[in-house]
Amino acid sequence: MIELRTRDEIEAMRPAGRFVGSVLTAVKEFTTVGTNLLEMDALAHQMIRDAGAESCYIDYHPSFGGSPFGKVICTSINDAVLHGLPHDYSVKDGDIVSIDFAASVDGWVCDSAISFIVGAVDPEDARVIRATEEALVAGIAAAQVGNAIGDISAAIGDVAESYGYGVNLDFGGHGVGREMHGDPHVPNDGRPGRGYKLREGLVIAIEPWFMRTTDEIFTDPDGWTLRSADGSRGAHTEHTIAVTADGPMVLTARD
Ligand code: MG
């Protein structure tokens, strides 16, 4: 079921969006060569406690997950692109680090993700990150009243295509509200004008993720982490946005 939010409800989601953005900024600033993924998770967990927020991940146990997630952020490194389970690994020079984070504040959820390179930059890694960022901007720009989900999907897919990247349709964006995942699904490629017509008050997470030379993934033995089929590196960026009469409003914007 697709739920639409009133203006007041969208305003009430803003603290969650600001909080999620602040945690991503803090974890990114904290991360250098040698930082352990478990320390990054611990920092986010402390920020959740300090804010009186609630993790959406720690007890998360969907059909595709091997067990309850048990951590508060996803840390996906290099060929890991989504749902990376934080483990005892210290970030190395040149790693792509993707962090996905969702939390609930005052009963409202926001969801956001960033990718960045620690240390020496491989131009091809920078390129795949840039593609996801451009696709996110294009997808958000298409989130206008009167457009359809397919317009968002097509905008994202067009950017992927312009970079020569394939698109995996197994995981994409989704409705956000009282829960982390709701309808509608927002695929990262599709046909303009198709699907649900966007209405004022729709709140969705838009989350392009691409891999350098494949569109196929497999699940790591940890039961969570999704890796590119060919070992190529990937990136993932995400914002939670509200469709309003004045255009898309990014709830998880960072300073
Ligand atoms: Mg997310």
Where ILE73 falls short, out of the listed (1) under 16 Å from the mean Cα position of the chain (by Cα); (2) away from the ligand (no atom under 11 Å from the Cβ) | (2)
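Table: residues versus (1) open to solvent by 30 Å² or more (accessible area, probe 1.4 Å); (2) of a type outside the set (Ser, Thr, Tyr).
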| residue | (1), (2) |
| --- | --- |
| SER98 | no, no |
| SER104 | no, no |
| ALA120 | yes, yes |
| GLU134 | yes, yes |
| GLY150 | no, yes |
Within region 74-89, tally of residues that are out of contact with any Gly (no Cβ under 7 Å at 6 or more places or on another chain), under 16 Å from ALA235 (Cβ atoms) and in a loop (DSSP other than H, G, I, E, B) = 3
What are the pairs, 6+ residues apart or on separate chains, where a residue within region 189-213 that is within 14 Å of the ligand (Cβ to nearest atom) and open to solvent by less than 40 Å² (accessible area, probe 1.4 Å) has its Cβ under 8 Å from a residue that is among the small types (Gly, Ala, Ser) and part of a loop (DSSP other than H, G, I, E, B)?
-> VAL203/GLY177; ILE204/ALA143; ILE206/ALA143; GLU207/GLY172
So which residues in region 3-36 are touching a Leu at 6+ places or on another chain (Cβ under 7 Å), of a type in the set (A, V, I, L, M) and under 17 Å from MET180 (Cα atoms), if there are any at all?
-> LEU4, MET13
Within region 22-48, count every residue that is of a type in the set (S, T, N, Q) and either surrounded by fewer than 16 Cβ atoms within 10 Å (Cβ to Cβ) or closer than 13 Å to ALA102 by Cα (or both).
-> 4
How many of the residues in region 164-184 are over 16 Å from ARG5 (Cβ atoms) and more than 14 Å from the ligand (Cβ to nearest atom)?
-> 7
So is GLY157 away from the ligand (no atom under 15 Å from the Cβ), in contact with a helix residue (DSSP H, G or I) (Cβ under 9 Å, 6 or more places away or on another chain) and not in a loop (DSSP other than H, G, I, E, B) or not?
-> yes
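The values are calculated or read from the model by the stated rules, or taken from the named source; none is laboratory data. This one's a predicted model, so the numbers in the text were calculated from it and none came from an experiment. Glycine also receives a Cβ, built like all others from the backbone with ideal geometry; neighbour counts cover every protein chain displayed. Please note that ligands, DNA and RNA were not included when accessible areas were found on the heavy atoms of the full protein model with its side chains. Shrake-Rupley method; radii C 1.70, N 1.55, O 1.52, S 1.80 Å.
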